[in-house]
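The values are calculated or read from the model by the stated rules, or taken from the named source; none is laboratory data. Computed from a prediction, not measured in an experiment: that's the story for all the values here. Note: ideal-geometry Cβ built from the backbone for every residue, glycine included; neighbour counts use all protein chains shown.
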Amino acid sequence: MGVSLSRRDFIVGLAATGVLAGCQPTKADEPTSFEELEDRYQAIIGVYAVDLESSATVEHRPDERFAICSTFKAYAAARILQIAKAGQANLDAMVPITTADIVVNSPVLGPAVGARMPLRDICAAALTQSDNAAGNIMLRTIGGPSALTDFARSIGDSQTRLDRWEPDLNEAAPGDLRDTTTPRALCGGYRAILVGDALPGAAQFQLQRWMGETATSTRRFRAGLPEGWTSADKTGSGDYGSTNDAGMLIGPKRERVMLTVLIRTRTVRRDAGPFNEAVAECVRSVLARLGHS
C-alpha cells in the first residue's frame, strides 16, 4: 500500500532525521565543556550555577573542595551588616588603622595608617578592592575565622570553613582542608545573603551595592558577560593557581543567575595562574547552557 506525503510531512520528516541543513547543532554552537577548559588551562575547575527564574542548574565538581581565598569577605561583610542591624556593631564607628594591621595587598588601608576609617568604608575596601587588612578588621569585628564558619552554618552553608587570617588563608596547599569551600555550598550561601532571607532589605541592598562595585571582577566574571549584563560578586586569589569568583549575574531583563567558579592548577606549581580567562570562559559556558548567551 503506497503512502502519499504532503510537502509539510516531507519537511517535518527531513527535520526529524537532521537532513535539513542547519538543523543539527555544530560544535561551534555548543557551550565549551568544563573538561575541555580543564585540559586547555591545565586546571581543576569547580562550577555551580542556578538560574533564579527557571531553577535550572549547571554544575561541574560541585562538591569538591577548593581554597576559599577572599570570597570569604562577602560572608564577613554580611555578618557585620547583620550584627549592625541588631545593634551589636556600628557601621559609622571610626576604626584606627595601625601599622600592625597592614598585610600584603592592602591598597586602601595601607596609605591610611595613622588615620581612622568608618567601619562601612572598611567593608567597602574589602569588597570592592579585596583589601586584605580590611578583611582582617572585618574578621576581628565578627569574632575571628571561627565566627565566620559559624555564620556560614547559620545561612545553610554546611561546607565552608575559615581557619586562618589574611594572608595565610590563601596558601591553598593541595589536600589542606583549612580555609576551603565547595562550589555548591558557596553558591547557596551567596544566594542566602544576596537574595535570600539572611539579611533584612536595607542590609541586603548595601551588600549588593558593594559587590556590584567589585573592581577585581573586570578580568573574571565581567569579562565573560554578554552586553547588557552586570554582576554583584567577590573574587579571590591564592597560591597554586587559586582563582575564584562568586556572586550573582544580572541580565538586562532582570535575569538573575547565581554562580560560583573555583579554580586551582593541576600542577604542583605554587606560582601557577591566575586563571582569569578560564573564569570568563566558565561564565560564557554557564550562560549558554542556561539559554542566556
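Here are some notes:
- Condition met for Ala192 (surrounded by fewer than 22 Cβ atoms within 10 Å (Cβ to Cβ), in contact (Cβ under 8 Å) with a residue 24 or more places away in the chain and among the hydrophobic types (A, V, I, L, M, F, W, C)): yes
- Check on Ala232, within 18 Å of Leu52 (Cα to Cα), without any contact (Cβ under 8 Å) to a residue 60 or more places away in the chain, out of contact with any strand residue (DSSP E or B) (no Cβ under 6 Å at 6 or more places or on another chain) and buried (at least 17 other Cβ atoms within 10 Å of the Cβ): no
- With respect to the conditions (1) part of a loop (DSSP other than H, G, I, E, B); (2) over 23 Å from Cys187 (Cα atoms), Ser158 falls short on a single one, namely (2).
For every residue, the table says whether it meets (1) in contact with a helix residue (DSSP H, G or I) (Cβ under 6 Å, 6 or more places away or on another chain); (2) farther than 24 Å from Phe275 by Cα; (3) surrounded by fewer than 19 Cβ atoms within 10 Å (Cβ to Cβ).
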position: Asp179; (1), (2), (3): yes, no, no
position: Asp197; (1), (2), (3): no, yes, yes
position: Ser217; (1), (2), (3): no, no, no
position: Asp239; (1), (2), (3): no, no, no
position: Asn244; (1), (2), (3): yes, no, no
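- Qualifying positions in the stretch 79-100 - more than 18 Å from Pro118 (Cβ to Cβ) and touching a Gly at 6+ places or on another chain (Cβ under 9 Å): Thr99
- Residues of the stretch 255-285 that turn out to be outside any strand (DSSP E or B) and over 13 Å from the mean Cα position of the chain (by Cα), as a count: 16
- Cβ-Cβ contacts under 7 Å between residues 6 or more apart (or on different chains), taken from a first residue in the stretch 140-153 that is at negative phi and part of a helix (DSSP H, G or I) to a second residue that is among the small types (Gly, Ala, Ser) and modelled with pLDDT of 95 or more, are listed as Thr141/Ala89; Ile142/Ala76; Leu148/Ala76; Ala152/Gly189.
- Within the span defined as the stretch 7-15, every residue fails to be in a loop (DSSP other than H, G, I, E, B) and either surrounded by fewer than 14 Cβ atoms within 10 Å (Cβ to Cβ) or modelled with pLDDT under 95 (or both).
- Pairs where the first residue, in the stretch 68-91, is farther than 15 Å from Met211 by Cα and the second is among the β-branched types (Val, Ile, Thr) and not in a helix (DSSP H, G or I), C-beta under 7 Å, 6+ apart: Ile68/Thr160; Ile68/Thr180; Ile68/Thr181
Per-residue answers, yes or no, for (1) farther than 30 Å from Thr98 by Cα; (2) at pLDDT below 95; (3) among the charged types (D, E, K, R):
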{"position": "Gln129", "(1), (2), (3)": "no, no, no"}
{"position": "Pro145", "(1), (2), (3)": "no, no, no"}
{"position": "Asp150", "(1), (2), (3)": "no, no, yes"}
{"position": "Gln159", "(1), (2), (3)": "yes, no, no"}
{"position": "Leu169", "(1), (2), (3)": "no, no, no"}
{"position": "Thr180", "(1), (2), (3)": "no, no, no"}
